[in-house]
1. Contour minus end-to-end for GLU176 and GLU108, with contour as 0.36 nm per residue of separation and end-to-end as the Cα-Cα distance?
2. Which order do peptides 5-11, 111-117 fall in by mean Cβ count within 10 Å, highest first?
3. Provide the per residue accessible area, probe 1.4 Å, for segment 34-150, rounded to a whole number of square angstrom.
4. What is the distance in Å between the Cα centroid of segment 1-54 and that of segment 61-95?
5. With unit charges on the beta carbons (Lys and Arg positive, Asp and Glu negative) and the dipole taken about the Cα centre of segment 123-178, which residue among CYS123, LEU150, ALA133 sits farthest to the positive side?
6. Using 5 Å bins from zero, what percent of all Cα-Cα pairs in segment 101-161 falls into each bin?
7. I need the peptides 13-20, 57-64 ranked by packing, meaning the mean over residues of other C-beta atoms within 10 angstrom, with the highest value on top.
8. Before rounding to the nearest 500, sum -39500 (n - 2.57) across all DSSP H runs of length at least 4 in the chain and divide by the residue total; then give [θ] at 222 nm in deg cm²/dmol.
Amino acid sequence: WAEALTEIDAAIAINPTNANWLAQRGFVLEELGRWEEAADAYQQSLDVEAADRDVMLALGAVLLRLERFTQALTVLDELARLYPDCEASYCHRIQAYAELGQHDRAEEMFYLAQQINDECPHCFYAIGVSLFARARRDKAIFCWKRVLELEPDYYGVNLRIAEAYRADRDDEQAREYLLGEVRGDRG
């Protein structure tokens, strides 16, 4: 990835207004774990080509990773305005609103996403986090079990279910899902 970054930087030095190269730079920086720089690269790409769906989505996701939830919402709201059929923009906003404690908005985004794709494991996972934060553990567990139905190897969902059962003092169920998480961890 470091070598790829060197090549992309050399290309950008020749043509600093190539939106695709700037976006590729963002992708490479993400792979290197350099999130702030990736966000800057994606923003530079959007400054050149404002309405690129994939770059907007990538920027929103990186901003979520950086816990810059309000900024992520600005990008994702614009993405949904330009591309109302982009289910991922709703999915990511569930997470952002849940992190900001705006759970009614998180639910609104969940139901909007469901109209586009009612089998998105990421949406069910994110709304489960929101429900768990409001001590609605039964519904959170239901959503997280739905994640397992849709994507059995979804990372971290067994641990979330175990936490919810543990909070309900159902240690046997908690143990079962915790063991499921350990068994599924390839590391």
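The values are calculated or read from the model by the stated rules, or taken from the named source; none is laboratory data. Keep in mind that this is a model prediction, so the values were computed, not measured. Note that each Cβ is placed from the backbone with ideal geometry, even for glycine, and that neighbours are counted across all protein chains shown. For the accessible areas, the whole protein counts, side chains as well, though only heavy atoms, and no ligand, DNA or RNA atoms are used. Shrake-Rupley method; radii C 1.70, N 1.55, O 1.52, S 1.80 Å.
1. Details: separation 68, 0.36 × 68 = 24.48 nm, distance 3.22 nm.
21.3 nm is the gain from fully extending GLU176 to GLU108.
2. Numbers: 5-11: 14.0, 111-117: 16.0.
Highest mean packing first, the order is 111-117, 5-11.
3. Values: 5720 Å² over 117 residues.
Per-residue accessible area for segment 34-150 comes out at 49 Å².
4. 19 Å
5. It is ALA133, whose Cα lies furthest towards the positive end.
6. Distribution as computed: 4, 22, 31, 24, 16, 3 percent.
7. 57-64, 13-20
8. Working: 11 runs with 146 residues, N = 187.
When only DSSP H runs of four or more count, the value is -25000 deg cm²/dmol.
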